[in-house]
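The values are calculated or read from the model by the stated rules, or taken from the named source; none is laboratory data. Computed from a predicted structure; not experimentally measured. Reconstructed Cβ throughout: ideal geometry from the backbone, glycine too, with neighbour counts over all protein chains shown. Ligands, DNA and RNA are excluded from the accessible area calculation, which covers all protein heavy atoms including side chains. Shrake-Rupley method; radii C 1.70, N 1.55, O 1.52, S 1.80 Å.
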Amino acid sequence: MITILKRNREELELSQKKYFKKTAKGKVQKILKERYLRDDIPCGSKFCSVCSYEEEAQPSLPEQGFTGSNLIPRGHYVIPDTNAFLHQMDLLTSPLLASLPIIVLQTVLDEVRHRSLPLFNRLKQLIADEDSSVWVYWNEAAKDTATVRVGLETPNDKNDRAIRSALKWYNHHLSPSSSKSSKNTVPTPFVIMISDDADNLRKTRQDGLTAYTVRQYVEGLKESPAALLDLLAVTGSGVAEDSGEKREGRKALYEDYIPSATLLSGIKSGKLHKGYFNANQYNYLEGSVNTPSFAKPILLIGRQDMNRSVNGDEVVVEVFPESEWKAPGESVVDQDDALRNDDADDSEGEDLVSEEVERQRKDQSDAAQVGKANPLEKQPTGRVVGIFKRNWRAYVCHLDSTSLSTHNPTSLAAQTVFATPLSALLPRIRIRTRQAPVLLNQKILVSIDRWDISSRYPEGHFVRSLGAVESKEAEQESLLLEYDVPYRPFGKAILNCLPKEGESWVVPPKDDDPRGDWRGREDLRDMVICSIDPPGCQDIDDALHARPLPNGNIEAGVHIADVSHFVHPSNPMDEEAASRGTTVYLVDKRIDMLPSLLGTNLCSLRPFVERLAFTCIWEMTPEAEIVNVRFTKSVIASKAAFTYADAQARMDDSSKNDPITLGIRLLNQLAIKLRAARMKAGALNLASPEVKINLQSPESSDPIDVEQKELLATNSLVEEFMLLANCSVAAKIEETFPQTAVLRRHGAPPKTNFENLDDLLNKTRGMHLDASSSAALAKSLDHCVVESEPAFNTLVRILATRCMLSAEYICSGSFSKDSYMHYGLAAPIYTHFTSPIRRYADVLAHRQLSAAIGYTQLHASLSSQQYVERIMHNINKRHRMAQQAGRASVEFYVGLALKARGMREGKPVEVREEAFVIRVFRNGVAVYVHKLGLEGLVTFKKETHTFESEEYSITLPASSKSTQTVDGAPIKKSLVKKEDVKLRVFDKVAVNITVEKDKNTQRGKVQMSLVWPVDSKDL
């Protein structure tokens, strides 16, 4: 029998969800959605005896509630509102509060997701944590707690009312008078709300319900350790206890931001410009913002014009009239040195402000002079008038010892101190902590909470300690946190997605295939295939083969691990891989995108093991011209796994003529011709610092030295065929899915990007850089050669690379076809297909190619342009951060290696290396040590030198202490300077390199000083 229930008028109103949506054409549409209200949604309390549960979702709230508070005499549960989760996530997710039973309302969950995706992901992790007592109550789907907007009520007010409604229902639901309450003798648990929203607190108390500010609740705990109190964020949400009165009477140092509606209309009209704020690594009083409206970045000079921007913030800028445009300053202004004597308790003092204003005026004067002297240096200049989106997160910091009022480790008095971020691009953060003396020699994590117009510094709170300064574990974790690399272990839900057979999984026999692994696959197990990778490579995701054909042509193939066979769309493992975006390679460890069972075993194309692959096979002429290409799923069995050096030795050994060696030679012949064709088409041979860290042993990971990487012909061989596979796959998936193909694009840089480098080369070396096209640029880079200095051309290529735009992943439907081109490779279309073990973009390309050849159907998500764009945005960010983390890891280990090299027989010795000057300032020079791939800054404190901006030079007085040796080799007497020395960009110098720890910040820094042609210690 079917029972039909008819809604009454009151339920009908609750079941309809109305909202308005603005279309792309500007029309406003009324959207009406129906929701089905239920009366069987459980409360999650073990105290309740009426609510029923599914087997996999048992109640998680303890029967007697939480009893560790002095404010509430009996056991209770806590409902944090949206404001509490947005501002106090570090506190609410702290292990110190793991026993606190928390009810997360659907209203709060939805609002956090709308306001901040990173915080929403952290909230999801808290809910999924098996050690926490968290219950999600779907209040918007329950008959007793569902709410709709009333009259002119704002969405925020409606959500606050929904939270109060759920709070009231919970207390009634669990009350002794309710028929739903438990019949046991345990006292009834009480339900309270915590919030930092003054208006919501007031209305909750007016309704006769219990509510506290987050600070009141934490301070009222029976056990409230200093670490828990330090986690309290400094909020500015209108709660009188936490803010307001303290800041009254302070002088405003910055202008208020323009209202959001005005910002949006200004951007739309073109009067204002939106972009990301980039801090200047050499001068903390300068920054810039790249926008599509101008060929050059918009320059911001001084704290007032930067207006509380933090590196990475998306800001809105007002540009000054062209008559007020300036050039970047030419002095090194170091934040740590300039602000060393600031008082954390009174950093708004008149003396300090006036000192910095004077410094800013000098910087602006320098910028104006440079702009007049060299118009090429001029940039659009402006000021920040609003913040579109903050990029604030937890930052790795050290405490500045000079800002402590007491160093007594037993003192628990709260102190206001400065936390200096690891990155010099970030401002100091003022925090209040009770643990300052204990945290002095540790790396700590600090979050920014706010930056008021009356404060020179942002205010934040201590999150946790990472460990002792210079300990390898703390350094590694701080590096991962600094570059936002997800490094948590893979959870149970993710590991459950792996094959049940685990390590024993094998490709089944072809004639006994219950899982269907062989379906539609070519059997290539007898083909002579091998892999060529760096030493120690475990995640082998590509292999190659080549063989002559009877018609005189050559068959060449690239075989890629079929990761998409194991990683299915939208399951937990796929979602985690999409979130991580890429594997991150550090010097001594690897942070995998996928569980190691796949990366280093089931998907790794190990020799003599049958593996599933996705294969590209070309028929090519002996001149490497493509006759045809085909794609197929396959099963392969690699015949060998070589390092680049092993493959090179085998290829060069004329006595070896076995099928594997002949195949490698054939691949190399084709690769040489493919490379020549690319270069002829205008591909660029760019460079980046490549060094190799020599470790004492794989187990200890202690560095003993550093050297430049050697590139062999086999490196180029593999590179050429991977490029060819990526180009071929890109053309296929774009042809089949023109709106959602996953591509990699490298836009042509504006010609103005190369103006400074061209002018610099012309004035210092008489060379010219033609950036009119990639082919012209490639040709002119080839001519930037100094026979006596082989490293010079590499340096020019490194500097040219910095003038380029960054390559990015794109959704094909978001760009016109003529903008798909990869400028650096001179390829009309390009994607990433060849490394699916370590790049999520490649996994998506595999799925699209699989659908394009009819092997599988395309998953619905990859038919959505909006979905693909969102994924591309995330993996672009993850790719950038992974690159930066890798470089930072190399720099850290170079520092350790230099320390090791600087100690011989237990005694410190000087480490000296040759370097090139790459930039000159009024008070110093930036140098590049090509042998170590290391950049450094040499500053001069005495004003005994002459700076010439137009000539890119600085004249230094001769030193009687000039060294007679460089890197152990004696310098000819004729080269030792006894008169004033003029240093220009690209001049060769010798530097002394040390790794020193800053006494105040405890931050290790690579320090460089000139030892030839002058000794900078005299300067």
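Taking the listed residues Asp646, Asp652, Asp658, the one that is open to solvent by 20 Å² or more (accessible area, probe 1.4 Å), of a type outside the set (A, V, I, L, M, F, W, C) and within 27 Å of Leu602 (Cβ to Cβ) is Asp646, with no other qualifying. For the range 465-487, a residue qualifies if it is touching a residue at least 60 places away in the same chain (Cβ under 8 Å) and either open to solvent by 50 Å² or more (accessible area, probe 1.4 Å) or not hydrophobic (A, V, I, L, M, F, W, C) (or both), and the qualifying residues are Glu470, Lys472, Glu475, Gln476, Ser478, Glu482, Tyr483, Asp484, Pro486, Tyr487. A search for C-beta distances below 7 Å between a residue of the range 120-132 that is without any contact (Cβ under 8 Å) to a residue 24 or more places away in the chain and any residue that is open to solvent by 90 Å² or more (accessible area, probe 1.4 Å), counting only pairs 6+ apart in sequence or on different chains, returns Phe120/Arg113. May I ask you to verify whether Pro421 is closer than 30 Å to Glu324 by Cα and surrounded by fewer than 23 Cβ atoms within 10 Å (Cβ to Cβ)? For Pro421, the condition - closer than 30 Å to Glu324 by Cα and surrounded by fewer than 23 Cβ atoms within 10 Å (Cβ to Cβ) - is not met. Filtered by the rule that a residue be surrounded by fewer than 17 Cβ atoms within 10 Å (Cβ to Cβ), closer than 13 Å to Leu498 by Cβ and not polar (S, T, N, Q), the range 566-600 gives His568, Pro572. Here is a check on your reading of the model: is Ala969 at pLDDT below 85 and out of contact with any Pro (no Cβ under 9 Å at 6 or more places or on another chain)? When the stated conditions are applied, Ala969 passes them.
Of the candidates Leu91, Leu96, Leu152, Leu123, the single residue that is assigned to a helix (DSSP H, G or I) and either open to solvent by 20 Å² or more (accessible area, probe 1.4 Å) or among the small types (Gly, Ala, Ser) (or both) is Leu96. Looking across the range 601-638, just one residue is open to solvent by 20 Å² or more (accessible area, probe 1.4 Å), in the same structural domain as Glu720 (by the TED database) and of a type in the set (Lys, Arg), and that is Arg606. Cβ-Cβ distances below 6 Å connect the following pairs, each with a first residue in the range 40-53 that is assigned to a loop (DSSP other than H, G, I, E, B), a second residue that is hydrophobic (A, V, I, L, M, F, W, C) and open to solvent by 80 Å² or more (accessible area, probe 1.4 Å), and a separation of six or more residues or different chains: Ile41/Trp138. Scanning the range 283-306 for residues that are touching a residue at least 40 places away in the same chain (Cβ under 8 Å), assigned to a strand (DSSP E or B) and either of a type in the set (Asp, Glu) or touching a Leu at 6+ places or on another chain (Cβ under 6 Å) (or both) returns Glu286, Ser288.
For every residue, the table says whether it meets (1) under 30 Å from Lys326 (Cα atoms); (2) in contact with a helix residue (DSSP H, G or I) (Cβ under 8 Å, 6 or more places away or on another chain).
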position: Val385; (1), (2): yes, yes
position: Gln435; (1), (2): no, yes
position: Asn441; (1), (2): no, no
position: Val446; (1), (2): no, no
position: Asp449; (1), (2): no, yes
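All of His846, His832 fail the test of being under 21 Å from Val558 (Cα atoms) and open to solvent by less than 10 Å² (accessible area, probe 1.4 Å), apart from His846. Being closer than 23 Å to Arg797 by Cβ, in a strand (DSSP E or B), at pLDDT below 90 and out of contact with any Cys (no Cβ under 9 Å at 6 or more places or on another chain): is that true of Ile704 here? No. Given the criteria small (Gly, Ala, Ser), under 30 Å from Cys51 (Cα atoms) and in contact with a strand residue (DSSP E or B) (Cβ under 7 Å, 6 or more places away or on another chain), does Ala146 qualify? No; evaluated as a whole, the condition is false for this residue.
Scanning the range 489-526 for residues that are charged (D, E, K, R) and either at pLDDT below 90 or open to solvent by 90 Å² or more (accessible area, probe 1.4 Å) (or both) yields Lys492, Lys500, Glu503, Lys510, Asp511, Asp512, Asp513, Arg515, Arg519, Asp526.
Regarding the range 311-322, can at least one residue be identified that is closer than 18 Å to Ile453 by Cα, in a helix (DSSP H, G or I) and open to solvent by 20 Å² or more (accessible area, probe 1.4 Å)? No, the range 311-322 contains no residue that is closer than 18 Å to Ile453 by Cα, in a helix (DSSP H, G or I) and open to solvent by 20 Å² or more (accessible area, probe 1.4 Å). The residues in the range 624-659 that are out of contact with any Ser or Thr (no Cβ under 9 Å at 6 or more places or on another chain), part of a loop (DSSP other than H, G, I, E, B) and more than 16 Å from Phe721 (Cβ to Cβ) can be counted, and the count is 6. Open to solvent by less than 30 Å² (accessible area, probe 1.4 Å) and either free of Cβ contacts under 8 Å to residues at least 12 places away in the same chain or of a type in the set (A, V, I, L, M) (or both), is that true of Leu769? The answer is yes for Leu769.
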